Structures are given as C-alpha cells and as structure tokens.
Amino acid sequence: MRDVIIIGGGPAGSTLARLIGKELNVLLIDKKNRDESKTTFKKPCGGLIAPDAQRALARFQLQIPTEVLANPQIFAVKTIDLQSKLITHYQRFYLNVNRHRFDSWMLSLVVDVDIIEDARVTSIVKTDMGFQVTYTKDGVEWVEQTLTIVGADGADSIVRKTFFNRKIRQYMAIQQFYSASAIKPLYASLFDHTLTDSYGWGLVKDDEFVFGAAMPLLNSRKNFELLKDRSALFDFYLKDPRITEACLVNSPQSINEIECGTESIFLIGEAAGFISPSSLEGISYAMDSALALAQAMKKKNVIRNYKFKCRKIKVKILLKQIKSIVLYTPFLRRLVMISKIDSIELVE
Ligand SMILES: Cc1cc2nc3c(=O)[nH]c(=O)nc-3n(C[C@H](O)[C@H](O)[C@H](O)COP(=O)(O)OP(=O)(O)OC[C@H]3O[C@@H](n4cnc5c(N)ncnc54)[C@H](O)[C@@H]3O)c2cc1C
C-alpha cells in the first residue's frame, strides 16, 4: 500500500514528488518517456518559461541546464490583430526551452520516489482502504493500492473526470512544426476574434518554426486552418507541416472552475484549473500549486490547508481573468495596441 500515487509527471507532478518523496512512500505514474527518440506522448507546449516560472525555479534554487534551452532566446513579442491588421511589439522576458527536455530534467530531480514512465492510468476505484489504480505498460495491466491520490495529469485529467464534475472551459490547442529556414526568427501572438476567443502563437525553436493556437472545441481543425490562411498575409510560410500535435488546454472563466480536491484526492497544476486564462501560461502555476500541496501535506487537515495556501494563486488567476477581458475584447485590445503603451519601436 502506497501513501501517495501521483498521476502525471509534468511540472506539477515532478515538483510534488521531489518535495514529498523523502517522507512518504510515493509512486509517480506518467505516460511520457524521457527517451526523446521514443514516439510516446510528448506534451504539446510553446515551451516558454515566463518570469513567474523563473521565480518559482529560483525559489527552489534550481538552474536550467543549457541542453534544455532552445535556440534562439526571445526578447520581444510581435502582437498581430489579424482583423484590423494592427501590429505592435512588446518587450518580453521568456526563456525558450525544449519542453520535453524541460519535463525530463524536472523528473530527473526526483529521488526517493518510484517512477513508472511510459504507462497510462486507465482507472481509479475507491476501496475500503483507499484507492485501486490500474495502469497499462507495454500492453500489460498492473494494479497498485494507495491511501491518497494526486491528479497532476493535466487538462484531460482522469482523476478530475472520475471524482469531480466541476466544469472548466477548455480549448483545443493545436501546434504544427515547419522548417524554420523560411521564417525570420520571431515570437508572435495572433488575435482573430472571428475564429477564436483565445489566441495563436508562432516562434522559432531550434531549427523549426512552431505555429499554434487555442481554438474553441467546435470545428477546431477547420478554424485552425483558416487562422493559418489569414496569417499568411503577415509573412508566415505555413506549408507542409512536419508534425501536427493537439491536446486540450484549460482556461478557467471563473475561479469557481478550480477544483483542489477532497480529503484523500487532490488536484494540482492544470488538472485543478491552475493556468492563466489570458496567456495560457501554466508552468509556474503547476509548480506553485505543487508546493502548496507539499506544504499542506505536512499539516493535519490537508485539504483545508491546501485550499488556504492556494488563495494567492486564485487571486492571480482572477487578475488574469480581468486582463483577458481587455486582451480578448477586440475594441479594447486595439485601443491598447494603438496607444502603444508599454510597446517598443523596432529599429530596422
Ligand atoms: C499548446 C500549448 C502551449 C503551451 N505553452 C505554454 C508556455 O509556453 N508556457 C507555459 O508556462 N505554459 C504553457 N502551456 C500550459 C502548460 O503546458 C501547462 O499548463 C503545464 O504543463 C501544466 O503542468 P501540469 O504538470 O499541471 O500538467 P502537464 O504538463 O500537462 O502534465 C501532465 C502529465 O500527466 C501525464 N498524464 C496525463 N494523463 C495520464 C494518464 N492517464 N496516465 C499517466 N500519465 C498521464 C502526461 O504524460 C503529462 O506528463 C501550454 C499549453 C499548451 C497546450
């Protein structure tokens, strides 16, 4: 019998495992494989480490190894309103990383915890003693027992779907990879309210150009293709993608959509709904919520303490929701872009 089974080894799961592994008997199950050459699941992501995530890493005294970084590093974002054709540039302070290597590096910091990779949890059943977790690995089914479950399994969380019915707004995030040679290195964010009330992005990562967008679930593929067509006017050469990847991404419309869990079932990271609804930045929220749960687990009433420790994260999401209103209301966004407040002028 385990004390804790963590489902998911992204930034949330690996942070929690690293923090509680010494004191508790922990098993972490993840469907990824750290071996990059394997064709198993790799998290679709822009791979931008925002200042808040850098701050979380700094608090843990962690330094990202250079092999995790991608080329080039980014200092500005080109913001394009596809309908009005307005373009404004803003300074940005992101680290551009290879997301799979970032996750693998974070998982490599976990000691004193049993990790099963390349394994998919298929069911979780409440028992008299705790929970029975079934997972498949190499086509074989395995069962483990635990007192406590942690869902760190992202936007499509099996833990959230099994035990909670709190709804959360979701988009289909689609990303395609192109040869970077045809494109000037840039980081762009694209807005077209007729196709999505979220946004699209483009950036160079090593020798590839990544074009992605968060699309409303209905007709997501068709509207993504339309977004690509409209982006062509702005020098995006989007022909013959090498890879297309897609996954759900959460974007809480209100903090009532956040679910932290109950006495013995906890949700952290995006599974809980901890992600910025304005930028879809989620790595800092994953680490911060994992830290909140690790600290709460040292106390008696874990869920009460965890919820209490999450209040700052919820306030941050509330503020991002207010920012979303400005960013995703075409009139307000254009007003900000025209005002050039906080923007930079490019020198050719
Ligand atoms: C296209 C896209 C671009 C993004 N770009 C950025 C960005 O640039 N910067 C940023 O900060 N955030 C970005 N985000 C958000 C960010 O990726 C997530 O919010 C963050 O990864 C959440 O971390 P997590 O650990 O909670 O979940 P995840 O990183 O999603 O990790 C969940 C883990 O659970 C595992 N898992 C899921 N189900 C199962 C199962 N049944 N069995 C076993 N394992 C399972 C998966 O393998 C995965 O490793 C982006 C999201 C998307 C979709």
Problem set entry | Percent carbon-and-sulfur accessible area, the chain, ignoring ligands, DNA and RNA, probe 1.4 Å | 54
Exercise. What percent do you get for the relative contact order of the range 283-346 when only Cα pairs under 8 Å and 6+ apart count?
Worked result: 20
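Just the ratio, please: alpha-carbon radius of gyration of the chain over 2.2 N^0.38 Å, N its number of residues.
Details: Rg = 20.3 Å, N = 348, 2.2 N^0.38 = 20.3 Å.
Taking N as the residue count of the chain, the ratio is 1.00.
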Exercise. Based on DSSP, what percent of beta bridges with both residues in the range 2-332 are antiparallel, to the nearest 5?
Worked result: 70
Seminar exercise, completed: GNM of the chain, Cα pairs under 10 angstrom: of Thr146, Thr127, Thr244, the biggest fluctuation goes to Thr127
Problem set entry | Candidates Gly154, Gly13, Gly130: whichever shows maximal mean-square fluctuation once the chain is modelled as a Gaussian network with Cα springs under 10 Å | Gly130
For this session: Pull up the cross-link candidates among the aspartates and glutamates for Lys312, meaning alpha carbon to alpha carbon under 17 Å and not fewer than 8 places away within one chain.
Result: Asp52, Glu257, Glu259, Glu270, Glu281, Asp288
Exercise. Looking at the range 282-348, which trypsin sites (Lys or Arg not before Pro) are DSSP coil and have at most 10 other C-beta atoms within 10 Å of their C-beta?
Worked result: Lys300
Seminar exercise, completed: Probe 1.4 Å, heavy atoms of protein chains only: per residue, the accessible area of the chain in Å² is 48
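Hey, can you list the DSSP H helices of the chain whose Cα span along the axis is 15 Å or longer and whose average Kyte-Doolittle score is at least 0.0?
Span-like helices here: 283-296, 311-328.
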For this session: At most 15 other Cβ atoms within 10 Å and a DSSP loop assignment: could you name the chymotrypsin sites (Phe, Trp or Tyr not before Pro) in the range 86-119 that fit?
Result: Phe93
For this session: For the chain, set up a Gaussian network in which alpha carbons nearer than 10 Å are linked by springs, and say which option among Ser104, Ser276, Ser123 fluctuates the most.
Result: Ser123
Seminar exercise, completed: The alpha-carbon center of the range 266-304 and that of the range 128-165 are separated, in whole Å, by 18
Exercise. Between their Cα atoms, which of Lys300/Lys320; Lys22/Lys320; Lys43/Lys78; Lys137/Lys316 are more than 28 Å away from each other?
Worked result: Lys300/Lys320; Lys22/Lys320; Lys137/Lys316
Problem set entry | Estimated dipole of the range 2-332 in Debye, rounded to 20 [Cβ of Lys and Arg +1, of Asp and Glu -1, Cα centre] | 1080
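The values are calculated or read from the model by the stated rules, or taken from the named source; none is laboratory data. Computed from a predicted structure; not experimentally measured. Glycine gets a Cβ as well: all are built from the backbone with ideal geometry, and neighbour counts include every protein chain shown. Heads up: the accessible areas ignore ligands, DNA and RNA and are worked out on the full protein's heavy atoms, side chains in. Shrake-Rupley method; radii C 1.70, N 1.55, O 1.52, S 1.80 Å.
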